[in-house]
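Quick notes on the structure that follows.
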Amino acid sequence: MRRTVFNEDHEAFRETIRDFIEAEVVPVFPAWEEAGHPPRDFYNKLGELGVFGITVPEEYGGAGETSFKYAAVISEECARQGVNFGATTVHVNLVLPYLLAYGSEEQKKRWLPAFVSGDMMTAIAMTEPGTGSDLAGMQTTARRDGDHYILNGAKTFITGGVLADMCLVVARTSPATPENRRAGLSILCVDTKSEGYSVGRKLEKIGLRTSDTAELSFTDVRVPVENLLGEEGRGFEYLAHNLAEERLAIAVQSYASAAAAVEFAMGYVKDRTVFGKSVASFQNTKFVLAECDTEVEAARSLVDRAMDAHDLGELTPADAAKTKLFCTEVQARVVDKCLQLHGGYGYILEYPIARLYTDARVSRIYGGTSEVLKTIIAKQLGV
């Protein structure tokens, strides 16, 4: 079915991104996987291309667009080539909305030009070793001391944490109350070169190997009060505000991965011969591909509707949860079936389907586990 979600500007941007990926990413991607992240200057190239500034207002060096669909184009084109842009998704889809929504005018002028150019890469640190999805249980603290906060604690699973120049750290600035465990959380924008700020292990993951993921620790890190994002004590409220877009971004990536898996499988089974016949000629192959393509079409429809709702400011937390839940489950099923069609070669890393398979597993975990999403959807249903 013809897609109507993208306009001419989106499609022109798609051509630019496609050419960039073919020239700047595909030839060197295996080296990035070995290193665990792209070279630092790659992010400057993305800055020059305008990727980081699409939704940043023009007065701060951006393009001033408001549509999420440009980010979706990037996800689709990366999946189409079986690559990614390292920690770019966190930088643009997670961190930027907080800076735009809650940053003061002074903070935006101070940070956004470097954000747009790629001179300042960012990360966000929420998860702690002992808390997981229970953000209200976090132990990292920030105590006010004159014109600074004194930050102490530790974080884990921080995507972009190795190369980040500034990290948005969620910390407890006051105790929780009996009525509200989530009270007292704040977001501090921390210079990663600060004394006492330490990047620990770069965590070795089974997938997303070009996205640097680290453990962080803070020992009496002095953070200027002017680096508080928004108001003190409203951190949990801010985090909840951006969850719908974060989950939509993951849903788009998941749908795009599933669609790419079908294309990779189609190409493989047409070329591969078994028992003197093309693998594509077997009934089982046809049936599996038909099932997969149908599921991808359903996921595409849900994603497109969610993107339209997001651009209109109408995407609800429950609708975002439904979209992520469905698309990540489709991704898991489709990528697995398409790998099976590759036979033994599907298990070999030089084939893109193997990368899609290992990358896919985290989709049902990060940004809210499938179990958490089902809870949100059930609450909307009134049960």
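The values are calculated or read from the model by the stated rules, or taken from the named source; none is laboratory data. Since we're looking at a predicted model, the values are computed, not measured. Cβ coordinates were reconstructed from backbone atoms using ideal geometry, including for glycine residues, and neighbour counts include every protein chain displayed. Keep in mind that these areas ignore ligands, DNA and RNA; they rest on the heavy atoms of the full protein, side chains included. Shrake-Rupley method; radii C 1.70, N 1.55, O 1.52, S 1.80 Å.
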Condition first: of a type in the set (S, T, N, Q), in contact with a strand residue (DSSP E or B) (Cβ under 9 Å, 6 or more places away or on another chain) and open to solvent by 20 Å² or more (accessible area, probe 1.4 Å). Now tell me which residues in the range 56-107 satisfy that.
Thr89, Ser104
Can we say Glu48 is at pLDDT 95 or above, part of a helix (DSSP H, G or I) and in contact with a Lys or Arg (Cβ under 7 Å, 6 or more places away or on another chain)?
no
With (1) assigned to a loop (DSSP other than H, G, I, E, B); (2) open to solvent by 10 Å² or more (accessible area, probe 1.4 Å) as the list, and Gly153 as the residue in question, which single condition is left unmet?
(1)
One residue is enough: does the range 87-97 have a residue meeting the conditions closer than 15 Å to Leu188 by Cβ and among the hydroxyl-bearing types (Ser, Thr, Tyr)?
no
Out of everything in the range 8-55 that is under 20 Å from the mean Cα position of the chain (by Cα) and polar (S, T, N, Q), what residue ends up being surrounded by the fewest Cβ atoms within 10 Å (Cβ to Cβ)?
Asn44
Only one residue in Glu295, Glu291, Glu314 is at pLDDT 95 or above, acidic (Asp, Glu) and surrounded by 19 or more Cβ atoms within 10 Å (Cβ to Cβ), so which one is that?
Glu295
Residue hits (the range 116-136; more than 17 Å from Val162 (Cβ to Cβ) and either open to solvent by less than 20 Å² (accessible area, probe 1.4 Å) or free of Cβ contacts under 8 Å to residues at least 12 places away in the same chain (or both)) are Val116, Glu128, Gly130, Thr131, Gly132, Asp134, Ala136
Go through the range 141-190 and give me each residue that's more than 12 Å from Phe218 (Cβ to Cβ) and among the charged types (D, E, K, R).
Arg144, Asp145, Asp147, Asp165, Arg172, Glu179, Arg181, Arg182
Is it the case that some residue within the range 165-185 is under 21 Å from the mean Cα position of the chain (by Cα) and closer than 21 Å to Asp359 by Cβ?
no
Does the range 162-169 contain at least one residue that is aliphatic (A, V, I, L, M), more than 18 Å from Val95 (Cβ to Cβ) and buried (at least 20 other Cβ atoms within 10 Å of the Cβ)?
no
Members of the range 339-364 found to be open to solvent by 90 Å² or more (accessible area, probe 1.4 Å) and either at pLDDT 95 or above or not in a loop (DSSP other than H, G, I, E, B) (or both), listed by number
Gln340, Tyr345, Tyr347, Tyr357, Arg361
Inside the range 137-149, can you point out the residues that are assigned to a strand (DSSP E or B) and either open to solvent by 10 Å² or more (accessible area, probe 1.4 Å) or closer than 18 Å to Gly86 by Cα (or both)?
Thr141, Arg143, Arg144, Asp145, His148
Residues that are charged (D, E, K, R), without any contact (Cβ under 8 Å) to a residue 24 or more places away in the chain, under 26 Å from Thr369 (Cβ atoms) and open to solvent by 10 Å² or more (accessible area, probe 1.4 Å): does the range 187-201 have at least one?
yes
The residue from Val330, Val383 that alone is at pLDDT 95 or above and out of contact with any Pro (no Cβ under 7 Å at 6 or more places or on another chain) is Val330
From the option list Thr294, Thr285, single residue qualifying as in contact (Cβ under 8 Å) with a residue 12 or more places away in the chain, among the hydroxyl-bearing types (Ser, Thr, Tyr) and either assigned to a loop (DSSP other than H, G, I, E, B) or more than 30 Å from Asp145 (Cα to Cα) (or both) is Thr285
